[in-house]
Ligand SMILES: Cc1cc2nc3c(=O)[nH]c(=O)nc-3n(C[C@H](O)[C@H](O)[C@H](O)COP(=O)(O)OP(=O)(O)OC[C@H]3O[C@@H](n4cnc5c(N)ncnc54)[C@H](O)[C@@H]3O)c2cc1C
C-alpha cells in the first residue's frame, strides 16, 4: 500500500494525497453515526483528469476506493473501511455554466447543494432539489443517492432533475454525457444507471441539472389534523385547488412534536391537541388574493383539518420549518438512535404506523418511537431509541421494523439508500432476479470490485 500511496503522490502531487494523521477528520465518518475509520489515504483531486488518473492507478493495483461527497449520508456508504483509499470530491466544486435559454446548469459534482441553489436563484431560476443537509451535501452525493427531500411532490426525486452526467469508471475511463436537452432518446439513457447507484458503478464528476421557473409568493402553513386519513384527503383536495403550486406536505406525529418541544426546546406554532402536525407549502401565481389561505379555511370547514397558522414573514416561515428540522438534533439527544427511512403505500400507511407503534411498545416498552416524513411521497421516517441497547436488541428492532414495512408492501429505503447499514434487509424489497441483475451490472462496470465495495450488497 505504501507503494501505491507514493505512486499516487508522484502522479498527482503531495497536496492531493494525504495519509496517516494528515487524513482530515471529516473524511473518516458521515452522519449515519458509524464509527470513524482511518482510510489508508485520502485523495482530493482538483480536476476530472486527476480523479481519472487516481482511479486508473487504483484499478491497476486492485485497490479498493470509497467515494466521498459532503459526508451527510445516513447509510454509511461514504464511511471508509480499513484498507480503503477515500476519494473525496470536495475540491471538484463550482458552477461551470448556467444556460438561461435552455434553463440548465452544469456543475462539478463536489459543489454543495446550497451553493447551486443560490446560483440558480441569482440567475432567476429555482433548483428542484432541496433537503435539510443542503449546506454540506454535494450535488454528486445527491445524484449518487438519488436524494429526495422536501419538494419531491413538486419536482420529483433528484433523478427527475438530472439531464446529463460525466462519470469516471472504476478503471479510470472518463465518460462524458453532458446532455442539456429534455428529449434525447438516442440509445440507452445510461446516466440513469448511475443515479442512485451509491457510488458502486462509477464516480460522478459533472452534472447537468434542469432549472425551474423561480418560485414566487411562497406561502407556508403549520396545520393540525386529527387523523392520517384526513391529512391525505386534504392533500388530494389541495392538489385540485392549487394545481401544480404545492411545494411541500410534511407530517409529524404527536410523539415527534412532544419531543421537538420538550427535548429540543423548539417552539410549536399551534397546539396540536394530540393530533398530527403538517407543514404545507405552496407558491402562488400572484401575491394578491390568498387562494392558499382560502383553501386551508375550506378544509377546516370541511372538517379535514383542525387548525392552521400561515407564516406572515420569513422569520415565521423559518420558525415553522424549525419544527421539521428538529431531527438534526436527535443524534445528540438520543445517542445510538436507529433511524428508519422507508416507503409504505399510502392506502395502508396509517395501518402500518399503528402496527409499528404497537409492536415496538409491546416488545420494547421503554423505547422512544418518533414518526415524521414526506408523506405526500409515501415516505416515513421513524426514529427508535432504546436505552443501553446492545447489538442483539438493535438487530431485533431492525428485523421487526423492516419485516413490518415489507409485510405492508413497503420498501426498506425511500431516499437514503442501502449503503452498508441496510444490506441485510435489501432482499425484503427486491426479488432474487433483481439482485442478480444488479450484481451483473456491477461486475460489468467494476470487474475488480474496487468501487464502494460492500455497499448495497
Ligand atoms: C440533516 C439531514 C437531512 C437530510 N435530509 C435528507 C432528505 O430529506 N432526503 C434525502 O434523500 N436525504 C437526506 N439526507 C441524507 C443525505 O444528505 C443525502 O443522502 C445526500 O444526498 C448525501 O450527499 P453527500 O454529498 O453528503 O454524500 P455522501 O454522504 O458523501 O455520500 C453518500 C453516498 O454517495 C456516494 N457518493 C458521494 N458522492 C459521489 C460521487 N460524486 N460519485 C459517486 N458516488 C458518490 C458515497 O460513496 C456514498 O455511498 C439528510 C441528511 C442529513 C444529515
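The values are calculated or read from the model by the stated rules, or taken from the named source; none is laboratory data. Predicted, not measured: the structure shown is a model, and the values here were computed from it. Positions of Cβ are backbone-derived with ideal geometry, glycine not excepted, and every protein chain shown enters the neighbour counts.
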Across (1) within 12 Å of the ligand (Cβ to nearest atom); (2) free of Cβ contacts under 8 Å to residues at least 40 places away in the same chain; (3) more than 19 Å from residue 455 (Cβ to Cβ), residue 158 clears everything bar (3)
Residue 396 passes all but one of the listed conditions (1) surrounded by fewer than 16 Cβ atoms within 10 Å (Cβ to Cβ); (2) over 29 Å from residue 39 (Cβ atoms); (3) within 16 Å of the ligand (Cβ to nearest atom); the exception is number (3)
Of those in segment 112-122 that are over 12 Å from residue 209 (Cβ atoms) and more than 13 Å from the ligand (Cβ to nearest atom), the residue farthest from the chain's Cα centre (by Cα) is 122
Scanning segment 319-332 residue by residue, those surrounded by 14 or more Cβ atoms within 10 Å (Cβ to Cβ) and within 16 Å of the ligand (Cβ to nearest atom) turn out to be 321, 322, 323, 324, 325, 326, 327, 329, 330, 331
When restricted to 337, 299, the only residue in contact with a helix residue (DSSP H, G or I) (Cβ under 8 Å, 6 or more places away or on another chain), touching a residue at least 40 places away in the same chain (Cβ under 8 Å) and within 22 Å of residue 226 (Cβ to Cβ) is 299
The correct count of residues that are more than 7 Å from the ligand (Cβ to nearest atom), within 25 Å of residue 245 (Cα to Cα) and surrounded by fewer than 19 Cβ atoms within 10 Å (Cβ to Cβ) in segment 127-152 is 0
Expected single match for crowded, with 21+ Cβ neighbours inside 10 Å and closer than 28 Å to residue 440 by Cβ among 220, 200 is 200
(message) Condition first: modelled with pLDDT of 95 or more, farther than 19 Å from residue 44 by Cβ and buried (at least 21 other Cβ atoms within 10 Å of the Cβ). Can you find one or more residues in segment 88-108 that meet it?
(response) yes
Sole miss for residue 16 among (1) in contact with a strand residue (DSSP E or B) (Cβ under 7 Å, 6 or more places away or on another chain); (2) away from the ligand (no atom under 16 Å from the Cβ); (3) closer than 21 Å to residue 200 by Cα is condition (3)
Q) Does any residue of segment 46-64 turn out to be modelled with pLDDT of 95 or more, closer than 29 Å to residue 118 by Cα, part of a loop (DSSP other than H, G, I, E, B) and within 16 Å of the ligand (Cβ to nearest atom)? A) yes
Sole miss for residue 456 among (1) surrounded by fewer than 20 Cβ atoms within 10 Å (Cβ to Cβ); (2) modelled with pLDDT of 95 or more; (3) under 24 Å from residue 194 (Cβ atoms) is condition (1)
In segment 319-332, anything more than 17 Å from the chain's Cα centre (by Cα) and modelled with pLDDT of 95 or more is listed as 319, 320, 321, 322, 323
So for segment 71-87 (the condition being more than 19 Å from residue 418 (Cβ to Cβ), within 11 Å of the ligand (Cβ to nearest atom) and buried (at least 24 other Cβ atoms within 10 Å of the Cβ)), does at least one residue qualify? yes
Pairing a residue in segment 416-437 that is over 12 Å from residue 457 (Cα atoms) with any residue that is outside any loop (DSSP other than H, G, I, E, B) and within 16 Å of the ligand (Cβ to nearest atom), where Cβ atoms lie under 7 Å and the two sit 6 or more apart in sequence or on different chains, gives 416/145; 416/341; 429/411
Scanning segment 300-318 for residues that are under 29 Å from the mean Cα position of the chain (by Cα) and assigned to a helix (DSSP H, G or I), the one surrounded by the fewest Cβ atoms within 10 Å (Cβ to Cβ) turns out to be 315
